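Asker: Below are the structure tokens for one structure; questions will follow.
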Amino acid sequence: MRGLVIKTTGNSYTVQPSDGSQPVTAYVKGNFRIRGIRSTNPVAVGDYVQVEQQADGTNWITDIEDRRNYIIRRSTNLSKQTHILAANIDQAILIVTVAHPVTSTKFIDRFLATAEAYRVPAVLIFNKIDLFSAEERQTLDAWRSLYTSLDYPTYVISATRLNPQELMPLFENKVSLLSGNSGVGKSTLLNTLLGQEITRTAELSSIHDSGMHTTTFSEMYPLASPDGHGYIIDTPGIKGFGSVEMAKEEVSHYFREIFRIGRSCRYGNCLHLGETDCAVIPAVERGEIAFSRYDSYLSLLGDCEENKYR
Ligand SMILES: Nc1nc2c(ncn2[C@@H]2O[C@H](COP(=O)(O)OP(=O)(O)OP(=O)(O)O)[C@@H](O)[C@H]2O)c(=O)[nH]1
Ligand SMILES: [Mg+2]
Ligand SMILES: [Zn+2]
């Protein structure tokens, strides 16, 4: 049968059969490898797999369908081994608050750039609007119109007063990854959407002595929607979504407007740092590119410099 992997533990997987029957526990043969990926875990949450039942009743994963996308974490900085946190993500959702606590635009832009790099559609949810002063509301409006102008879907909510049906269409029939700074209201929103207080079953276990691998057990939580089949992924590893290694030349590809305008620069490899006939800097000066976006771009570029000897 075909199914969706909704939970991984050390050596077993929970698979939700595509026909809607009860989830089953399945195992993976030790020598199972996916072409071209050196990963510490061959199967990840979000994978569509084939499961075959043996005569003794045990279920084995025999095949994995090609992934649309996946989010990885390098096991260690130096290692080429990677750990797949989740596969086939439909959208990455960032919860943002302009105050209490303030989410920096650098953090937002880093998240958006990472989502672009992984080819995962990104969505911004602005939360805690019940708390804002007039000035904070102005900031909210400015941020919202900036990101809307870049074609990112935005929502404005108050998670503590939310009727879950309001946001259900955004989550329904999709696998969503939830991210955001501490205190922005992720758990509040999650509990509302799932209709229950979820226990944090995502466990983190590291084998520090060998320095070889870190394992994250991931789980997708089903939505509390009567007929929808949406899932929300929330694991400790995914909280760090927003830090991916990029080559310097690549960074501007993940800032939509900088990429678009940068195509008019004289040099194809222009980093928009003051090169001759750069189209980006004049666009920043004219206000066509928001200064905060250019600033975030520079900050991400700076990170690449720092990491170049790693
Ligand atoms: N007034 C107000 N308070 C909110 C809102 N959403 C969340 N809160 C409160 O903000 C606090 C933090 O919310 P959490 O849901 O725990 O935040 P979190 O993102 O899960 O934080 P971490 O688990 O630390 O990452 C709690 O006291 C919530 O009740 C909102 O829309 N309005
Ligand atoms: Mg929380
Ligand atoms: Zn340029």
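Asker: Restricting to Cα pairs below 8 Å that are 6+ residues apart, what does the relative contact order work out to for region 248-306? Please round to a whole percent.
Answerer: That works out to 34 percent.
Asker: Another question about this same structure. Tell me which of 264, 278, 242 sits at the most positive position along the dipole axis of region 236-296, charges placed on C-beta atoms (Lys, Arg +1; Asp, Glu -1).
Answerer: Final value for the positive-end residue is 242.
Asker: Cα gyration tensor of region 248-306, axes a ≥ b ≥ c as square roots of the eigenvalues: rounded (a/c below 1.5), prolate (a/b > b/c) or oblate?
Answerer: Working: a/c = 1.60, a/b = 1.18, b/c = 1.36.
Judged from the Cα gyration tensor, region 248-306 comes out oblate (a/c at least 1.5, b/c at or above a/b).
Asker: Additional query: Take the residue pairs 7/128; 29/174; 7/174; 106/174 and return only those whose Cα atoms are more than 23 Å apart.
Answerer: Checking Cα-Cα distances, 7/128; 29/174; 106/174 exceed 23 Å.
Asker: Can you give the Rg/Rh ratio of region 74-172, where Rg is from the C-alpha atoms and Rh is the Kirkwood radius? Intermediate results must be reported in sequence, preceding the final value.
Answerer: On the way: Rg = 15.7 Å, Rh = 15.1 Å.
Ratio of gyration radius to Kirkwood radius for region 74-172: 1.04.
Asker: Between residue 9 and residue 182, what length comes free when the chain is fully extended (0.36 nm per residue of separation minus the Cα-Cα distance, one decimal in nm)?
Answerer: Gain on extension, residue 9 to residue 182, equals 59.7 nm.
Asker: Same structure, new question: Using label points projected 7 Å from each Cα along Cα→Cβ, tell me how many nm separate residue 68 and residue 29, to one decimal.
Answerer: According to this spin-label approximation, the distance is 3.0 nm.
Asker: Given +1 on the Cβ of Lys and Arg, -1 on the Cβ of Asp and Glu, and no further charges, what dipole in debye does region 248-306 carry about its Cα centre, rounded to the nearest 20?
Answerer: With Lys and Arg at +1 and Asp and Glu at -1, about 320 debye.
FYI, it's all coordinate maths here, none of it is from the lab. Bear in mind the structure is a predicted one, so any value in this text is a computation, not a measurement. Quick reminder, even Gly has a Cβ in these numbers, built from the backbone with ideal geometry, and neighbours come from all protein chains shown.
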